[in-house]
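Structure first, then comments.
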Amino acid sequence: LFVDHPLGEAQSVPVSRDHANYLFNVMRLGVGAEVALFNGVDGEWRAEVAAKGKRGGVLVCTEQTAALQMPPDVWLLFAPIKKARTDFIVEKAAELGAARICPVRTARTNSERVRQDKLQAHAMEAAEQCGGTFVPPVDEIVSLEALLDRWDASRALVFADEAAVGPSSLSPLAGRTVLAAAPPPAAILIGPEGGFSDAERARLHAMQNVHVVSLGPRILRADTAAVSALTLWQAAVGD
Ligand code: SAM
């Protein structure tokens, strides 16, 4: 269970109304029952139900069961698309071990408003679901231009471009060799449904430590591209 509260030896943790409903009505836990807690910072803790009520309760931490497991340092930069698919990208990025998730507005991004708080909640639920102890931060949307203006070139930028040519365009396996040249710290950039503009492509190609990668001969939807690029990067240089 994810809680927005410090965890530690004998630490009391208040139970929110939503969690009270889940723990005490759905799961039917009584006083003394055990719950696994994480907050994205202090690892995983075993806790006991010390008090329960209709609208809340108290859990008390008893022992740490796992240390915080930081994922390899790879960020996912992606242009938001339709809401359901954007939610999917954030959920899968958290499952696949992205260390940070950054929505970027590109020239051809035409999604509606992006709710950072909702996306952060999706990342938290995904981490909870897959047993992670770390929740990747989700940034407020930023323009690609502004992001590149302040980019630190010591972070490798893997630019997934359906227009990529050369050996890496042959297959995802060839793409792996490109990804091997982009060890952590790294970031993967995925474009919107309309792809990147010529000006964006030219700017990215002119930057230092940018690795243009093809994910194969087929044009993938942006959500598929995000999942496959992260998977391939983790296989090549992540964990
Ligand atoms: N509208 C564009 C077109 O038809 O050329 C396709 C854009 S694609 C749906 C969205 C994004 O997914 C791209 O900007 C790119 O980042 C990524 N992508 C899709 N297929 C890819 C591939 N085969 N190799 C590399 N990146 C790919």
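Values quoted throughout were computed directly from the atomic coordinates according to the rules given, and no laboratory measurement underlies them. The structure presented is a predicted model; accordingly, all values stated were derived computationally and were not measured. Here the Cβ positions follow ideal geometry from the backbone for every residue, glycine too, while neighbour counts run over all protein chains shown.
Annotations
- Each stretch of four or more DSSP H residues adds -39500 (n - 2.57); spread over every residue of the chain, this sum gives -9000 deg cm²/dmol at 222 nm.
- The calculated Kirkwood hydrodynamic radius for region 1-126 is 16.3 Å, given to one decimal from all distinct C-alpha pairs.
- Each DSSP beta bridge with both residues in the chain is either parallel or antiparallel, and the antiparallel ones are about 45%.
- Using alpha-carbon coordinates, inclination of helix 83-95 to the longest axis of the chain, degrees: 80 degrees
- Full extension of the chain between T231 and S16 yields a length gain of 73.9 nm, computed as 0.36 nm times the residue separation minus the alpha carbon distance.
- Neighbours of Q120 by Cβ distance under 12 Å: Lys/Arg scored +1, Asp/Glu scored -1, total -4.
- Kirkwood Rh in Å, taken over all unlike Cα pairs in region 12-66: 11.1 Å
- Sparsely packed trypsin sites (Lys or Arg not before Pro) within region 189-239, loop by DSSP, other Cβ within 10 Å at most 15: R218, R221
- For region 1-49, trypsin sites (Lys or Arg not before Pro) are listed when DSSP marks them as loop and at most 16 other Cβ atoms sit within 10 Å of their Cβ; the list is R28.
- Pairs of Lys residues in the chain are counted when their Cα atoms are under 29 angstrom apart and they lie 8 or more places apart or on different chains; the count is 7.
- A Förster distance of 45 Å, applied to the separation of the beta-carbon atoms of A50 and A180, puts the FRET efficiency at 0.35.
- Taking other C-beta atoms within 10 Å as the exposure proxy, V13, V60, V135 rank V60, V135, V13 from fewest upward.
- Per residue convex hull volume, Cα atoms of the chain, in Å³: 127 Å³
- Neighbour-count ranking [beta-carbon atoms within 10 angstrom, fewest first] of T224, T109: T224, T109
- Taking only alpha carbon atoms, region 102-239 gives an Rg to Rh ratio of 0.95, where Rh is the Kirkwood radius.
- Taking other C-beta atoms within 10 Å as the exposure proxy, H205, H122 rank H205, H122 from fewest upward.
- In region 67-100, chymotrypsin sites (Phe, Trp or Tyr not before Pro) in a DSSP loop with at most 15 other beta-carbon atoms within 10 Å: none
- Net charge of the neighbourhood of R203, taken over other residues with C-beta under 11 Å away and scored Lys/Arg +1, Asp/Glu -1, is -3.
- Percent RCO, i.e. relative contact order, over region 12-66, from Cα pairs under 8 Å lying at least 6 residues apart: 41 percent
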